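This report refers to the structure that appears directly beneath it.
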């Protein structure tokens, strides 16, 4: 379409020499029109992409509000095994969502949206109440058994959460000594850590236990961690699964375990899936285990069967 005499090119720069001025002018006009069309097309595609994203977000937001109203959220129980006592002594409460089409929606697909839209607190309170209702007989029958709930920075900064939480504890006559509240290491680095500290002290004084969750995924130093009144430290499964692989993360387990011992924290290993991992952790003094090697997450019925079966075996 355009004739030119010479093309000079170096990386990042090209120079075109045309036969005459008219050809050069037409080329520049054509290039300008083409560039404008490309910008318009790119803008339109971006608009369509954002429209689709927003539509999905609003759809998810509406579905979550409906799910709260219709009690579609429910708990599953991830058992915790105590190596010293040789039995299950607790369970972590895992959030699940079964929608109107009976599809199970995993938390990774909606937690972030629930947090950004202020729904995580009502969802958490709903799950806590269901769990208390389902397990109060277990907690009465097995006084050593505890429940562990995950809470975040948003729960600490919400002025209503702990009032409602404490009301549920009283309503279902749950002993605070049978409850562990798990807070992620990343949340500890929140700028409002003074709010964390004061509330955590209050919780400890009331008899609740506290665990720092997913340890190793953030950047909390030992001196920083020592400022908070924790009972437990949970090693993130990323590090547990590195055991036996000779990966860099494998060697960090020793450092985390050593640090927890220095802080007098009981250690919980999560995501344990192999006998090799169990042996390594046991040899290094880890007492508590969670993961598929011991049990997958269970419904309340299966949790009851697990504990009753364990009790029957102890009487043989």
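The values are calculated or read from the model by the stated rules, or taken from the named source; none is laboratory data. It should be emphasised that the depicted structure is a prediction, and the values quoted were computed from it without experimental measurement. Quick reminder, even Gly has a Cβ in these numbers, built from the backbone with ideal geometry, and neighbours come from all protein chains shown.
Some observations on this one:
- Residue match in the stretch 38-61 (condition: within 30 Å of residue 136 (Cβ to Cβ) and at pLDDT below 90): no
- Residue in the stretch 160-177 that is in the same structural domain as residue 253 (by TED's automatic domain parsing), under 25 Å from residue 235 (Cβ atoms) and surrounded by 19 or more Cβ atoms within 10 Å (Cβ to Cβ) present: no
- Annotation for the stretch 79-99: at least one member residue is at pLDDT below 90 and assigned by TED's automatic domain parsing to the domain that holds residue 290.
- All positions within the stretch 260-277 that are in contact (Cβ under 8 Å) with a residue 12 or more places away in the chain and over 23 Å from the mean Cα position of the chain (by Cα): 261, 262, 263, 275, 276
- Some residue of the stretch 122-134 being outside any helix (DSSP H, G or I) and out of contact with any helix residue (DSSP H, G or I) (no Cβ under 8 Å at 6 or more places or on another chain): no
- Only one entry in 222, 235 is within 18 Å of residue 253 (Cα to Cα), at pLDDT 90 or above and in contact with a helix residue (DSSP H, G or I) (Cβ under 6 Å, 6 or more places away or on another chain), namely 235.
- Condition met for residue 192 (closer than 22 Å to residue 158 by Cβ and at pLDDT below 90): yes
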